[in-house]
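S.K.: Okay, here's the structure, questions in a sec.
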Amino acid sequence: MLKIHHLNNSRSQRILWLFEELGLDYEIVFYQRDLTTNLAPPELKAVHPLGKSPVISDGPITIAESGAIVDYIIETYGLGRLRPAKGGADHWAYVEWLHYAEGSAMLPLMLNLYTMRLGEAAEPLRPRINGEIDNNLSYLAGALGDKPFLLGDELTGADIQNSFVVEVAKNFGALAKYPTLAAYVERLHARPAYQKAIEKGGAYGIGQ
Ligand SMILES: N[C@@H](CCC(=O)N[C@@H](CS)C(=O)NCC(=O)O)C(=O)O
């Protein structure tokens, strides 16, 4: 059976959502962040050397990195759902979005998170970090346009993978300038599968 190593209040929430969108059977192994450091417990290192979440296992296969997990699950269990047909321009746009979330968009958001702890010492970095957050959010808003989802009328893995980006941006108050992205977050959160995943995954405070 599919198994997900799920850290509370983390990126693995979007994998639970993916499972729910596809109606899959799966087992959740729960891990709790340290209340002081907010880091993952050391037990996750026994699952994967990086000690991060999400990690899934499916029989002999173990996969870390949420983009790879989204790709694997949709290819293996999607039966053509949650992705555009292969071969066309939309397919490659979809692949790009799967890489984009963690490869580009999350970097300035994580830098923001880390440098917030430095107080005034981080001031010299602020213009670059804020500029790159805006660069990415305006790119996302432009790509979304007036469509409901990144690739058109249907939800795809691209939206699930990038949901964490817009949720983190919302937590930082960075969506105030991007009403279409704020509405996009609400649209994703309104999906029954999203809500079921929240019920299963436990308290989630990112972008809510
Ligand atoms: N690029 C990875 C990032 C994984 C990651 O950093 N996960 C965070 C949760 S949001 C984590 O496990 N943090 C706990 C820690 O670093 O101790 C992915 O998308 O799967």
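S.K.: Need one word for the stretch 47-163: rounded, prolate or oblate. Basis is the Cα gyration tensor (sqrt eigenvalues a ≥ b ≥ c); a/c below 1.5 gives rounded, then a/b vs b/c decides. Provide the component values of the computation, followed by the final result.
M.R.: Numbers: a/c = 3.35, a/b = 1.36, b/c = 2.47.
It comes out oblate by the Cα gyration axes.
S.K.: Anyone know which of Leu24, Leu151, Leu16 comes out most mobile in the 10 Å Cα GNM of the chain?
M.R.: For the chain, modelled as a Gaussian network with Cα springs under 10 Å, the answer is Leu24.
S.K.: Extension gain Trp92-Ala183, at 0.36 nm per residue separation less the Cα-Cα distance, in nm? Intermediate results must be reported in sequence, preceding the final value.
M.R.: Numbers: separation 91, 0.36 × 91 = 32.76 nm, distance 2.54 nm.
Working it through step by step, the gained length comes to 30.2 nm.
S.K.: Around Trp17, with a cut-off of 12 angstrom between Cβ atoms, what is the net charge of the other residues, counting Lys and Arg +1 and Asp and Glu -1? List each step's numbers first, then the result.
M.R.: Numbers: positive: Arg11, Arg14, Arg191, Lys196, Lys200; negative: Glu20, Glu21, Asp159, Glu167, Glu199.
Combined, the nearby Lys, Arg, Asp and Glu give 0.
S.K.: Continuing with the same structure: Order by neighbour count: Phe172, Phe164, fewest other Cβ atoms within 10 Å first, most last.
M.R.: Numbers: Phe172 15, Phe164 22.
So the residues, fewest neighbours to most, are Phe172, Phe164.
S.K.: Roughly how many nanometres apart are two label points built 7 Å out from the Cα toward the Cβ at Asp153 and Glu120?
M.R.: A separation of 5.7 nm, rounded to one decimal place.
S.K.: Compute a Gaussian network model of the chain, connecting alpha carbons closer than 10 Å, and tell me which residue from Thr36, Thr156, Thr115 fluctuates the most.
M.R.: Among Thr36, Thr156, Thr115, the largest GNM mean-square fluctuation belongs to Thr36.
S.K.: Sticking with this structure for a sec: Quick one: net charge around Val70, please, counting Lys, Arg +1 and Asp, Glu -1 for every other residue with C-beta under 12 Å from its C-beta. Working shown, then result.
M.R.: Values: positive: Arg11, Arg14, Arg83; negative: Glu21, Glu65, Asp71, Glu75, Glu102, Asp159.
Surrounding charge for Val70 is -3.
S.K.: Shape verdict for the chain, please, from the Cα gyration tensor: rounded (a/c under 1.5), prolate (a/b greater than b/c) or oblate.
M.R.: Details: a/c = 1.70, a/b = 1.10, b/c = 1.54.
It is oblate, given that a/c is not under 1.5 and a/b is not larger than b/c.
S.K.: Cut-off is 10 Å between beta-carbons; in what order do Phe30, Phe19 appear when sorted fewest neighbours first? Don't jump to the answer; show the numbers that get you there.
M.R.: Details: Phe30 11, Phe19 22.
Final ranking by Cβ density, sparse to dense: Phe30, Phe19.
S.K.: For the stretch 2-61, just the Cα atoms, rotate onto the principal axes and tell me the three extents in Å, largest first.
M.R.: The Cα atoms of the stretch 2-61 stretch 35, 24, 14 Å along their principal axes.
S.K.: Quick one: net charge around His189, please, counting Lys, Arg +1 and Asp, Glu -1 for every other residue with C-beta under 11 Å from its C-beta. Before the final figure, lay out the partial values.
M.R.: On the way: positive: Lys170, Arg187, Arg191; negative: Glu167, Glu186.
Residues near His189 contribute +1 overall.
Values in this text are rule-based calculations from the coordinates and carry no lab data. For clarity, every value in this text was computed on a predicted model and none was experimentally measured. Quick reminder, even Gly has a Cβ in these numbers, built from the backbone with ideal geometry, and neighbours come from all protein chains shown.
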